[in-house]
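The values are calculated or read from the model by the stated rules, or taken from the named source; none is laboratory data. Everything numeric here is computed off the predicted structure, so don't read it as measured data. Every residue, glycine as well, gets a Cβ built from its backbone with ideal geometry; the counts of neighbours run over all protein chains shown.
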Amino acid sequence: MRNVVVENAREAVAGIKDGDTVMMGGFGGAGLPTGVIEAVLDTGVRELTIISNNAGASGPDLSLWFAAGIVRKIICSYPRNAEAFAQRYRAGEVELELVPQGTLVERIRAGGAGLGGFLSPVGVGTVFAEGKRAIDVDGRGYILELPLRADFSFVKGRQADALGNVTYNKTARNHCAVMATAATTVAVEVDEIVEVGTMDPEAIVTPCIFVDRVYMRKPQ
Amino acid sequence: MSSLSRDALARLVAAHLPQQGFVNLGIGAPSHVADHLQPDSGVILHSENGILNIGPRPPQGEEDWDLINASKIPITARPGCSYFDSSLSFAMMRGGHIDVAILGAFQVSQSGDLANWSTGERNGSVPGIGGAIDLAVGAKSIWVMMEHTTRDKAPRIVDRCTYPLTAAGVVSRIFTDLAIIDITPDGLVVDALLESASIETLKVVTAAPLIASGSMRTIGLDGTIGGI
């Protein structure tokens, strides 16, 4: 039987290499898979492109990656109140692609769903439209937004089974469920691994087809 | 001049939300509106990070860090709450399903232009946009909730925004710590005024023409109008 459970975060990040693109789930700390923060640092990998709603704060989060200088670029909606990122950004050492939050998640959805992009009214007439193709549909202006995919998606779930079915916890679902569709390797950190067949099929949010690796969160 | 406290302003906004409406609360001051909503109003509060039917903040010691609002502050869930991913949440926002979005702002113009995102161009700070622009495009009504002036006493209500726009002509109502102002085809109409303020003093701190409503109401210092 299919079994995607791996021993720990270290195994969950195996294969990551210099220059990879990495999606990190979470809205602030909710939905952030904290286990991979240290595991990725330990691989010595560099030049990463990160796709994330935020850019860390001050805990065991993306701020440690910025402090270590392993990030080349971040595609992000709200990188404020992130001191380690801000220092690298001001020094010109990290590139920032700022994306409205709804556009960010929809670009990820398009990437996971095999779409070539989508037409959004968000940003028309603002700096967010610069350099993008403008398309008129029934008299309303839209801009073409392109899909995002990654080499790895790291997200946080509540419960998983060995097949890789996943549920989430409250507002910790945020970008996680969408990011889990859009990477070559999807690794999910969970609080609990349960027997196959015990999860309510009506309640599974991410079906196992999207999930490559599942590991247990280390007790805090 | 005295002004409304943050809580009093949140109480004032909460009392004006449409009965049975779906209302999004933006980051910062708007998120405090949830603490002042009367349960019998039927209002269902939405937050961009994936929740409908937000309750007030939890008592100290009962915070759940997987249950937070757009400001990343712990909240509670009311009966009938639902959770969903960001894509579905922004479908609600962009797709015209939200009746009113309450947003903070740096500036609002007399024609309803909204400037509320941080471009980072000033003082070397970092830019951030979040979900404000999605709401500005997609919500049926945009209400702004902000202090009437900056810390340096510069007006935030202006004839033309000098900060980069989030969206043009979208704001219909402004709640400040001094007044409620409607943006109408005739201009800025003062619908309600703090009891300790006058139209003349309000004009001094507003950089656009004001019209006093014929039926202007008075706001108490606790954020209630006529005791409500």
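Structure data summary
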| item | result |
| --- | --- |
| Residue tally, condition at positive phi and more than 25 Å from the chain's Cα centre (by Cα), over region A:117-152 | 3 |
| Residues (away from chain B (no Cβ under 14 Å) and without any contact (Cβ under 8 Å) to a residue 60 or more places away in the chain) located in region A:18-35 | A:ASP18, A:GLY19 |
| Check on B:SER118, more than 18 Å from B:ALA10 (Cα to Cα) and modelled with pLDDT of 95 or more | no |
| Near pairs, Cβ below 9 angstrom, 6+ apart or cross-chain, from region A:134-155 (outside any strand (DSSP E or B)) to any residue that is among the polar types (S, T, N, Q) | A:LEU148/A:THR21; A:ARG149/A:THR21; A:ARG149/A:THR184 |
| Any hit, region A:78-87, residues being within 11 Å of chain B (Cβ to nearest Cβ), of a type in the set (Asp, Glu) and over 19 Å from the mean Cα position of the chain (by Cα) | yes |
| Residue list for region A:56-74, restricted to those being within 12 Å of chain B (Cβ to nearest Cβ), over 10 Å from A:MET24 (Cβ atoms) and surrounded by 21 or more Cβ atoms within 10 Å (Cβ to Cβ) | A:PHE66 |
| Within region B:111-135, tally of residues that are under 23 Å from B:ASP186 (Cβ atoms) and either within 9 Å of chain A (Cβ to nearest Cβ) or crowded, with 19+ Cβ neighbours inside 10 Å (or both) | 4 |
| Any chance A:GLU38 is of a type outside the set (A, V, I, L, M, F, W, C), out of contact with any helix residue (DSSP H, G or I) (no Cβ under 9 Å at 6 or more places or on another chain) and either free of Cβ contacts under 8 Å to residues at least 60 places away in the same chain or crowded, with 18+ Cβ neighbours inside 10 Å (or both) | no |
| Failed item, numbered, when A:ARG133 is tested on (1) surrounded by 24 or more Cβ atoms within 10 Å (Cβ to Cβ); (2) away from every other protein chain (no Cβ under 11 Å) | (1) |
| Entirely in region A:1-118, the strands (runs of 3 or more DSSP E) that have 2 or more residues that are more than 14 Å from A:PHE152 (Cα to Cα) | A:71-76, A:95-98 |
| Neighbours by Cβ (under 8 Å, 6+ apart or cross-chain): first from region B:189-202, in contact (Cβ under 8 Å) with a residue 24 or more places away in the chain; second in a helix (DSSP H, G or I) | B:VAL190/B:ILE199; B:VAL190/B:LEU202; B:LEU193/B:ILE199; B:LEU193/B:LEU202 |
| Test: residue in region A:205-218 that is part of a loop (DSSP other than H, G, I, E, B) and at pLDDT below 95 | yes |
| Residues that are part of a strand (DSSP E or B), modelled with pLDDT of 95 or more and under 16 Å from B:ASP7 (Cα atoms), drawn from region B:171-228 | B:PHE175, B:ALA179, B:ILE180, B:LEU194, B:ILE219 |
